[in-house]
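Provided herewith is a single structure, encoded as structure tokens, for subsequent inquiry.
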Amino acid sequence: MMRLAVRTLRFRKGGFIATFVAVVFGTAIVMACGGLMETGIRSNVAPERLANTSLVVTGKQSHLRPGAEDATPLPERVGVPVDLLAKVRSVHGVSSAVGDYTFTAVGPAVAEGHNWSSAVLAPYHLTSGRAPRSGEVVVPTGQLGDRVTYLINGEPRTFTVSGVAQGPAGHAFFSDHDAARLVRNPERFADLGVQVASGTDLDDVKSAIEAIDRNLAVRSGVDRGLAEHPDAEAQRTAVISIAGSFGGIATMTMMFVVASTLALSAQHREREFALLRGIGTTPGQVRRMILGESLLVALPAVALGILPGTFLGRFLFDQLGSHGVASPVIEFSQGWVPLVAGAGAAVLAAVGAALIAARKSARIRPVEALMEASLQRKWFGWVRLLFGLLFLGGGLALLIVTATVMTGPLAGATAGPSILCWAIGVALLGPFWTKLVLAFWRWPVQALTRVNGRLAIRNLSARSVAMSAAVMPVMLAVGISTANLYMQTTQLQAASEAFTRNLRADAVLVSDAGLSPAVLDQVRAVPGVESASSFVRSMGAIDEPRNAPFDEDGSPVIGVDAQGANGTAPVRLTSGSLTGLTGSTVALPEYVAGKIHRGVGSTITMTLGDGTPVDLRVVATFAAERGYETIILPASLVAAHTTDGLTKQILVRSASGADVRPALAKLAAVHPGIQVADRDTLVAANAEDLQTQAWVNYMLVGMLIAYTAVSVVNTLVSSTLRRRREFALQRLTGSTRFQVLRMLTTESTLVTLAGITLGTAIALACLLPYAATVSTSSIPTGPFWIYLVIIGAAAVLTFGSTLVPAIAALRHSPTQPSHAD
């Protein structure tokens, strides 16, 4: 039967090419997602500034809350307490250990400052001059004796160049005394560089250092680079999450598309299988032939899909890096595991679909097969009915959970998978839904098209099962595209509204190098300024009480200064006041305070972004949108526990009728690096992370849309080519080419309308509960032109995939023999 399978390939080129294309693209997408997953897991960052170390000791970048199962990631650099340096040096096998102070120092060709004793960790070599003393600096490029100014902690400071050192670029070295004075938290090193004595077992030393303090993390090998780039450690979770969620959806979509394509190809060959059964072919031989054909197509397609999968994975990672989702310093990894995953998923999809198709084709009696091929009366078997109902039930369950259980952005965790459940459930029961929708559209189409409409509708009624195979890919493309794109636009709009609803700042001062407290005092003294406050962002976790309604990633934290009722804090107070927001105090969202049973005057325990535990007294509660709750702390407290320790924004509120921007611009001109912007800049900064995440989803959804478009083209081209005998018969009975094309145009219109109707319905089943959960309206928000582009693209694909092959088929004489696909 394998020999027969090989021989049939040249006579079934259309169906096999469709399967081949689906497997190639499916393999590439799954393999690319696997590469992202492997990259996130490995997170290989080559060490540069810490390359001359055996081990690098850092603080553990996670915190396990009491009673929690999963650790909460800490977004700020934890660091190592200074007093642990002596203990690390005393560990058996450690020949030397050096502490590293790291702080922001913006100047010529420099972004970070360090203590000179840590220069040996790279190592840096002096090419001229000497080590720095107090008031001096060693730079990567420059002339000895030059005076160089750096912005450190928001203030310009000038140093004399004492030496020039060769090593990794972007770093300047100050005396140990100056570095301890300039760093915001001299009680903690950023990390420790450890040299292990020759002949000592590295793992033994590593274990001994970790035993000193359970909050220490010891890195060796390529992992040492993660200590230099703590953002890479935080972003690895995002890469793994994106690769996992999108890879799962892509794998399911790929299997569905490949299975649909193979099933359609087998359905088109029912008459052939009936003839084979009629001449004595056994069911087992038919199954082996179908399976052999699938493998003959799938294996070369998988081999070809590996090459674009490699390039696609690299392209996706580069895009994630350029948009701040993945750290650009991480090395992209795509080994044999993603290759096996992509190839295995594609082959399993092809083999599984072939076995399902072969089961039906091999068991049917020859006479029944001939009737089925000609009349196509059987809608679906009980297996498809069962799984179709299960997927529809799953979609309904996720709809209920989204509407009643989830809050805010978390609703995407259930709304996203629901669209796949709805789509697959509708596709499995395609003939029923197609007949239902066509019953609605047939009358207006027939009234507009008259004779051609009646002929097309009679054709569709006689071929309803086959027609559902053409409608379902259109439904899938429209449904997935509409739901995913409008989920992003709705989320962006809801988050922006939640932030701006209570935003009362008229202007904002911004500096990446930080703003000193003196600048805040000067801003408050500007005529027309009613209120001004520092503004700092971070993350934290409520440890006590333990029932805080935040997920395992912790809770967003905003730092502002103490202020009265006319302050700039973006909140609407419901109790208490922010005038006492100093020291160890906190203002809680009203919903959070109610869940943990804490009001004004009570206390809570939090772990801040760098892992520091603090006891806080509640001074106020405020209203907040569900799912968008933030915790408000004193700005000085939040800034002290961030990686750079800097305040980078000052919010300004002007008195009624006053325009303070010219005066603020004059003030900013006196301080290097400070810029003045309006409130729109603050809103844009708040939405930056959401915009980045939305862009990533747009890109990944675009890939799925392109892949489902392949399914639309495959299905419709294959279905049209199969009808060449039907077109020839119409021509022989007197129909012209133009009349046949008009009939097909009407059929394409009905297919497009049915697919758009079903796709829109399943998209709304996902979007309506999602919008009601994340925003104050149950109507999804976003530009209407997105929907118009989606249905326009669906129409172009449907008409093009039907009419183009039909025109090619109609060029031949109706008496010319042809092989049906």
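The values are calculated or read from the model by the stated rules, or taken from the named source; none is laboratory data. Quick caveat, the model's predicted, so the values are computed rather than measured. FYI the Cβ positions are ideal-geometry reconstructions off the backbone, even for glycines, and counts take in every protein chain you see. Just so you know, the surface numbers come from the protein's heavy atoms only, side chains and all, with ligands and any DNA or RNA stripped out. Shrake-Rupley method; radii C 1.70, N 1.55, O 1.52, S 1.80 Å.
Does the stretch 778-802 hold any residues that are modelled with pLDDT under 85 and either more than 25 Å from the chain's Cα centre (by Cα) or open to solvent by less than 30 Å² (accessible area, probe 1.4 Å) (or both), and which are they?
Within the stretch 778-802, SER801, THR802 qualify.
Residues to consider are ALA772, ALA808; find the one that is of a type in the set (A, V, I, L, M), open to solvent by 20 Å² or more (accessible area, probe 1.4 Å) and without any contact (Cβ under 8 Å) to a residue 40 or more places away in the chain. Quick ask: steps written out before the conclusion?
Values: ALA772 fails: without any contact (Cβ under 8 Å) to a residue 40 or more places away in the chain.
Residue meeting the stated conditions: ALA808.
Output the strands (runs of 3 or more DSSP E) that fall wholly within the stretch 506-605 and possess 3 or more residues being of a type in the set (D, E, K, R) and surrounded by 15 or more Cβ atoms within 10 Å (Cβ to Cβ), or say none.
Numbers: elements: 507-510, 529-544, 555-560, 572-576, 585-589.
Hits in the stretch 506-605: 529-544.
Let me ask something additional. Against the conditions (1) in a helix (DSSP H, G or I); (2) polar (S, T, N, Q); (3) open to solvent by 50 Å² or more (accessible area, probe 1.4 Å), where does THR749 fall short? Just the number, please.
Only one criterion in (1) in a helix (DSSP H, G or I); (2) polar (S, T, N, Q); (3) open to solvent by 50 Å² or more (accessible area, probe 1.4 Å) is unmet by THR749, namely (3).
For the stretch 12-57, give me each residue that is at pLDDT 85 or above, crowded, with 24+ Cβ neighbours inside 10 Å and polar (S, T, N, Q).
Within the stretch 12-57, just THR53 meets the criteria.
Kindly evaluate VAL713 against the criterion of being at pLDDT 75 or above, in a helix (DSSP H, G or I), closer than 30 Å to PHE246 by Cβ and open to solvent by less than 60 Å² (accessible area, probe 1.4 Å).
Details: at pLDDT 75 or above: yes; in a helix (DSSP H, G or I): yes; closer than 30 Å to PHE246 by Cβ: yes; open to solvent by less than 60 Å² (accessible area, probe 1.4 Å): yes.
The answer is yes for VAL713.
Quick check: anything in the stretch 655-665 outside any helix (DSSP H, G or I) and either modelled with pLDDT of 90 or more or of a type in the set (Asp, Glu) (or both)?
The first filter runs over the stretch 655-665 and keeps only residues outside any helix (DSSP H, G or I), leaving 655-660.
Narrowing the set further to residues that are either modelled with pLDDT of 90 or more or of a type in the set (Asp, Glu) (or both) leaves 659.
Yes, that holds for at least one residue.
What pairs can you find where one residue is in the stretch 50-74 and free of Cβ contacts under 8 Å to residues at least 60 places away in the same chain, the other is of a type in the set (A, V, I, L, M) and open to solvent by 40 Å² or more (accessible area, probe 1.4 Å), and their Cβ atoms are less than 6 Å apart, with a gap of 6+ or different chains?
Here the result reads SER62/ALA71; LEU64/ALA71, each pair linking the stretch 50-74 to a residue that is of a type in the set (A, V, I, L, M) and open to solvent by 40 Å² or more (accessible area, probe 1.4 Å).
Pull up the stretch 310-344, narrow it to residues that are in contact with a Ser or Thr (Cβ under 9 Å, 6 or more places away or on another chain) and among the aromatic types (Phe, Trp, Tyr), then point me to the one that is surrounded by the fewest Cβ atoms within 10 Å (Cβ to Cβ).
Per the criteria, the residue is PHE332.
Which pairs turn up if I take residues in the stretch 614-631 that are farther than 14 Å from VAL586 by Cα and look for partners that are modelled with pLDDT under 95 and in a strand (DSSP E or B) with beta carbon separation below 7 Å, at least 6 apart in sequence or on another chain?
ALA623/ARG572; ALA623/THR574; ALA624/PRO589
Results for (1) out of contact with any strand residue (DSSP E or B) (no Cβ under 9 Å at 6 or more places or on another chain); (2) surrounded by 15 or more Cβ atoms within 10 Å (Cβ to Cβ); (3) under 18 Å from GLY59 (Cβ atoms), shown as yes or no for each residue.
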{"residue": "VAL194", "(1), (2), (3)": "no, yes, yes"}
{"residue": "ALA197", "(1), (2), (3)": "no, no, no"}
{"residue": "ALA217", "(1), (2), (3)": "no, yes, yes"}
{"residue": "ARG224", "(1), (2), (3)": "no, yes, yes"}
{"residue": "ALA238", "(1), (2), (3)": "yes, yes, no"}
{"residue": "ILE242", "(1), (2), (3)": "yes, yes, no"}
{"residue": "ILE249", "(1), (2), (3)": "yes, yes, no"}
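Tell me, yes or no, whether the stretch 635-651 has at least one residue that is open to solvent by less than 10 Å² (accessible area, probe 1.4 Å), assigned to a strand (DSSP E or B) and in contact (Cβ under 8 Å) with a residue 60 or more places away in the chain.
Yes, the conditions are met somewhere in the stretch 635-651.
Suppose we keep only residues that are small (Gly, Ala, Ser) and in contact with a Lys or Arg (Cβ under 8 Å, 6 or more places away or on another chain) within the stretch 526-575. Which one would you say is nearest to VAL670 (Cα to Cα)? Walk me through it before giving the result.
Filtering the stretch 526-575 down to residues small (Gly, Ala, Ser) leaves 528, 531-534, 538, 540-541, 548, 554-555, 559, 562, 564-565, 567, 569, 575.
Then drop every residue that is not in contact with a Lys or Arg (Cβ under 8 Å, 6 or more places away or on another chain), which leaves 531-532, 541, 548, 559, 567, 569.
On the way: SER531: 21, ALA532: 18, ALA541: 39, ALA548: 45, GLY559: 26, GLY567: 26, ALA569: 26 Å.
Ranking the qualifying residues of the stretch 526-575, first place goes to ALA532.
Can you pull out the residues in the stretch 61-98 that are open to solvent by less than 60 Å² (accessible area, probe 1.4 Å), in contact with a helix residue (DSSP H, G or I) (Cβ under 9 Å, 6 or more places away or on another chain) and closer than 19 Å to ALA197 by Cβ?
VAL88, VAL91, GLY93, VAL94, SER96, ALA97, VAL98
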